[in-house]
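All of the numbers you see were taken from the coordinates with simple rules; none came from a lab. All figures in this text were calculated on a predicted structure; none of them were measured in a lab. Cβ atoms come from the backbone with ideal geometry, glycine included; neighbour counts cover every protein chain shown.
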Ligand SMILES: Cc1cc2nc3c(=O)[nH]c(=O)nc-3n(C[C@H](O)[C@H](O)[C@H](O)COP(=O)(O)OP(=O)(O)OC[C@H]3O[C@@H](n4cnc5c(N)ncnc54)[C@H](O)[C@@H]3O)c2cc1C
């Protein structure tokens, strides 16, 4: 089997990459190890509305809820609800991923489900990828370019020599239940902070309907033995949603941004979670996956068209253009995460109190930049300044 490009993983990153390559008229195989892109669900499904609207047009059936208020609850029980019109969508992620893969196929990509990408081989550049197909058995795909969009585990990239191995200090372990038979506000996303709820991370309630929600939490992977996520989450659910019925479970890891060293090796590009393109503070990665996939796809097209004289010239297009757009933001979230890791429950109480004060005479966050909020917090609580040095 010979293609211009082979993409491993039909998540948001892989499908976006494959769409770009196929639209330019090149042959591309899109391999997915599961029987359907988007399944099993492994996501809270929350995404910034403004950012996603700028990237693509969304069909209404891909959206479960539109969020316009955000509530934060501190460890001491202090609450703040901020009005943020159009803050986010809670997607129907299985349909969303399916739609992205459908678009890749409509553009001409060949989607191969139940097909696992194994390892790359070649001398000066990678020439073939060993695969295992459920239907056809073992095989080999040859291509001029390969793209690893195989998610957080990303064995294809790692076996090829990309240094994207993450250690326990560098990941959050996430666990989420789909709860039914509950009452939630379909326009409100909730975040709960504190050691007793989600040590070193947060707990979220993202509505799916007014009687259904994704309720999940993160725990720094180095702490999961001391603070088992399942125990913490069930305890919260028992108190908050005593009649809730668990209708689904999702778990997984989210990595932290590692800089540019993990995006390319020879003629292998790496995109999405596999390249650690994430918001290290919140763990959100859908938007970065879409955008890195798109840039990887555009770079692939330039390479396949013969616009670049050397494979190294790919770097000028990918990751550079993606990092020009999102590198600083991801690096900032990474530094904010370093601060977040140091915060105690008292600090969270202080921050929520400071936020309440800051928003007391403001109706919404519309028009406010993160820097303005940070400056406002420090004005109301100067002792928070001690953490600012960790930003650099
Ligand atoms: C519990 C949880 C909740 C989350 N909540 C949110 C959220 O609310 N908002 C947000 O923005 N982000 C969230 N994330 C992160 C988000 O899901 C990821 O950042 C995003 O899915 C990354 O997209 P991707 O395309 O890089 O990888 P993935 O979506 O992981 O896609 C990779 C694909 O590759 C396939 N694959 C893997 N290995 C192979 C192989 N060897 N061969 C063939 N196929 C392979 C997989 O089956 C998968 O379909 C959450 C993560 C977890 C674990």
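Taking label points 7 Å from Cα along the Cα-to-Cβ direction, residue 363 and residue 159 give a separation of 5.7 nm. Each residue in 240, 2 was given a count of other beta-carbon atoms within 10 angstrom of its own, and listing them fewest first yields 2, 240.
Compute the long axis of helix 320-342 from its Cα atoms, compare it with the longest principal axis of the Cα atoms of the chain, and write down the angle in degrees, 0 to 90, nearest 10. The angle comes out at about 40 degrees. Prolate is the label for the stretch 282-365, because the ratio a/c of its alpha-carbon gyration tensor axes (a ≥ b ≥ c) is 1.5 or higher and a/b is greater than b/c. Once the cut-off is 26 Å, how many percent of the Cα-Cα pairs in the chain end up in the long-distance tail? Considering the chain, 54 percent of its Cα-Cα pairs are separated by more than 26 Å. Scaled to the globular estimate 2.2 N^0.38 Å, the Cα spread of the stretch 70-118, given as radius of gyration, is 2.03.
This ranking places 363, 273, 349, 97 by how few other beta-carbon atoms lie within 10 Å of each, fewest first, which gives 363, 349, 97, 273.
Here the stretch 201-222 is scanned for amide nitrogen atoms under 14 Å from the site 7 Å beyond the Cα of residue 183 along Cα-to-Cβ, giving 210-212.
Can you tell me, using C-alpha contacts under 8 Å and at least 6 residues apart, the relative contact order of the chain as a whole percent?
Numbers: 870 pairs, mean separation 77.9, N = 392.
Normalised by residue count, the contact order of the chain is 20 percent.
Relative to the dominant Cα principal axis of the chain, helix 93-107 is inclined by about 30°.
For the stretch 316-367, what does the alpha-carbon gyration tensor say about shape, rounded, prolate or oblate, given a ≥ b ≥ c as the root eigenvalues, a/c under 1.5 as rounded, and a/b over b/c as prolate? Could you put the intermediate results ahead of the total?
Working: a/c = 7.41, a/b = 1.75, b/c = 4.25.
It comes out oblate by the Cα gyration axes.
Extension gain for residue 302-residue 110 works out to 67.1 nm (0.36 nm per residue, less the C-alpha to C-alpha distance).
Cβ-Cβ distance of residue 195 and residue 312, R₀ of 35 Å, FRET efficiency by 1/(1 + (r/R0)^6): the value works out to about 0.15. The radius of gyration of the Cα set in the stretch 1-139, together with its Dmax, comes out at 19.1, 60 angstrom. Approximating the spin labels as points 7 Å out from Cα along Cα→Cβ, the residue 243-to-residue 168 distance works out to 4.1 nm. The C-alpha radius of gyration of the stretch 337-391, expressed as a fraction of 2.2 N^0.38 Å, stands at 1.13. Cβ crowding within 10 Å ranks 320, 383, 208 as 383, 320, 208, fewest other Cβ atoms first.
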